[in-house]
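To start, the structure itself, in structure tokens.
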Amino acid sequence: MGKINRIDTSIPDLFILETKAFGDQRGYFLENYNKMDFAEIGLDSDFVQDNMSRSTKGVLRGLHYQKKHTQGKLVKVTRGRVFDVGVDLRKGSPTYGKWEGAILDDESHRMFYVPEGFAHGFLVLSEIADFSYKCTDYYDPPSEGGIIWNDPDIGIEWPLEGITPVLSEKDEKLPRIKDTNLPFVYNGKEA
């Protein structure tokens, strides 16, 4: 493995990244992001904003997207453990409405890249989780959108054993995918 290992998922453009940590008895060092190394594995996006959130066990955030100023997100957990999800919302995509999930935690140092045209969400599995993400465009509140986390047309298999999801009031009222007017298209073409 080089500095970064790209693990493709069943959905093109949505992938997991593993970085190599160098450690000894004092702790470890790893490089979270290096533009040149990321470009070598096919991720040459320009990131313009870094965000961080802290959540407690059971908090479920999502499924969010922006209609304008669409954001690709490179997500990572710096403390704790989460189940992270990306849902393909690109009309005309062979994987439209499909999802892929990954466990992210502070031990594996895995990252998940959720590209533009996808909804994103996560469920906190540990007592506390610090979640960090780089975005390819700026946060734009007027263009926020979302899909309800438990939409049966998507069928995300959230690891809810022993967990009652805690959602924001806004996230509890999100529509199903079939009730949205999504602006995203796959390779410039709708179905």
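Please go through segment 117-140 and pick out each residue that is crowded, with 20+ Cβ neighbours inside 10 Å and of a type in the set (A, V, I, L, M).
The answer is ALA119, LEU123, VAL124, LEU125, ALA129.
Which of the numbered conditions does PRO159 fail, given that it passes all the others? Conditions: (1) under 26 Å from LEU17 (Cα atoms); (2) outside any loop (DSSP other than H, G, I, E, B).
For PRO159, the failing item is (2).
If you go through segment 36-62, how many residues are closer than 25 Å to SER10 by Cα and either without any contact (Cβ under 8 Å) to a residue 60 or more places away in the chain or not small (Gly, Ala, Ser) (or both)?
Going through segment 36-62 one residue at a time, the tally reaches 12.
Find the residue count for segment 106-116, including only residues that are surrounded by fewer than 19 Cβ atoms within 10 Å (Cβ to Cβ) and within 12 Å of PHE131 (Cα to Cα).
The total comes to 2.
For segment 14-73, what are the residues that are surrounded by fewer than 14 Cβ atoms within 10 Å (Cβ to Cβ), of a type in the set (S, T, N, Q) and part of a strand (DSSP E or B)?
Once the filter is applied, which keeps residues that are surrounded by fewer than 14 Cβ atoms within 10 Å (Cβ to Cβ), of a type in the set (S, T, N, Q) and part of a strand (DSSP E or B), segment 14-73 yields GLN49, ASN51, SER53, THR56.
When you scan segment 87-152 for strands (runs of 3 or more DSSP E) that lie fully inside it, which ones turn up with 2 or more residues that are touching a residue at least 60 places away in the same chain (Cβ under 8 Å), under 20 Å from GLU31 (Cα atoms) and within 15 Å of the chain's Cα centre (by Cα)?
111-114, 128-135
For segment 168-190, state whether one or more residues are of a type in the set (Gly, Ala, Ser), in a loop (DSSP other than H, G, I, E, B) and modelled with pLDDT of 95 or more.
Yes.
Given the options LYS98, LYS57, LYS73, LYS68, name the one that is more than 24 Å from LEU125 (Cα to Cα) and not hydroxyl-bearing (Ser, Thr, Tyr).
From the options LYS98, LYS57, LYS73, LYS68, the qualifying one is LYS68.
Can you tell me which of (1) touching a His at 6+ places or on another chain (Cβ under 9 Å); (2) farther than 21 Å from ILE156 by Cβ; (3) in contact (Cβ under 8 Å) with a residue 60 or more places away in the chain is the one TYR65 doesn't meet?
So TYR65 meets the others, but not (2).
The values are calculated or read from the model by the stated rules, or taken from the named source; none is laboratory data. Keep in mind that what you see is a predicted model, and the values were worked out from it rather than measured. Note: ideal-geometry Cβ built from the backbone for every residue, glycine included; neighbour counts use all protein chains shown.
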